Every structure is written in structure tokens, then in C-alpha cells.
Amino acid sequence: MSETDDTTSARTQDQPRLDLLETSDQERLDGLIAQLRADVRGQNVAVVDKAVRSRIAETGVPAEEEVILALIAELAADEQPH
């Protein structure tokens with residue numbers, strides 16, 4: 001093994017470069033909303049409220065209370081009788 005081989009391994013990227021994947025708060029919120037639509041659309045208000053608030057808290061995505069309430073209303077309003 002040459003000296004060049006030793007230094008090459010020190011320059012490898014073994015983990016994702018998160019700085020290349022920076023997203024805005026709005027993009028993160030949009031992604032979270034898409035996930036919530038897939039997961040809780042049509043559920044009752046209590047289930048939707050709990051899911052929305054817990055996911056926002058878990059991810060740290062900033063969201064105004066009026067946005068949260070509108071999202072809860074939208075997702076719960078989709079509840080359809082079977």
C-alpha cells in the first residue's frame with residue numbers, strides 16, 4: 001500500500017452530505033402536510049389534531065396556529081361516510 005492509498009481513505013464520504021439537502025421551512029412543512037394527508041385524511045378531528053400537533057412537534061417544523069387549525073379542518077373535513 002502506498003502513501004497515496006492511505007490518504008485516499010481519509011477523504012471518502014461515508015455519510016450523507018446533509019448540507020446539500022437543505023430545505024426551507026415551507027418545503028419541510030409541505031412535505032409534512034403531504035405525509036399527514038396520506039396518513040390521517042378522513043379520520044375524526046381528535047385523531048387528526050393529535051397527529052398534526054405531534055408530527056409538528058417531533059419534526060420541529062415551525063407552523064403558525066392558524067395553519068395548524070386549517071390543516072386539521074381540511075384533513076378532518078375529508079371524512080366520508082362509508
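Read-outs throughout are calculated quantities, based only on the coordinates presented, and are distinct from any laboratory measurement. Please read these numbers as outputs of a predicted model, since none were measured by experiment. Here the Cβ is made from the backbone with ideal geometry for all residues, glycine too, and neighbour counts use every protein chain on show.
Tabulated results
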| item | result |
| --- | --- |
| Efficiency of FRET between D25 and S54 - r from beta-carbon atoms, R0 22 angstrom, step 0.05 | 0.75 |
| Gain on full stretching of the segment that runs from A34 to R11 - 0.36 nm per residue minus C-alpha separation | 4.5 nm |
| At R0 = 22 Å, FRET efficiency that the Cβ-Cβ distance of V47 and A70 yields, to 0.05 | 0.80 |
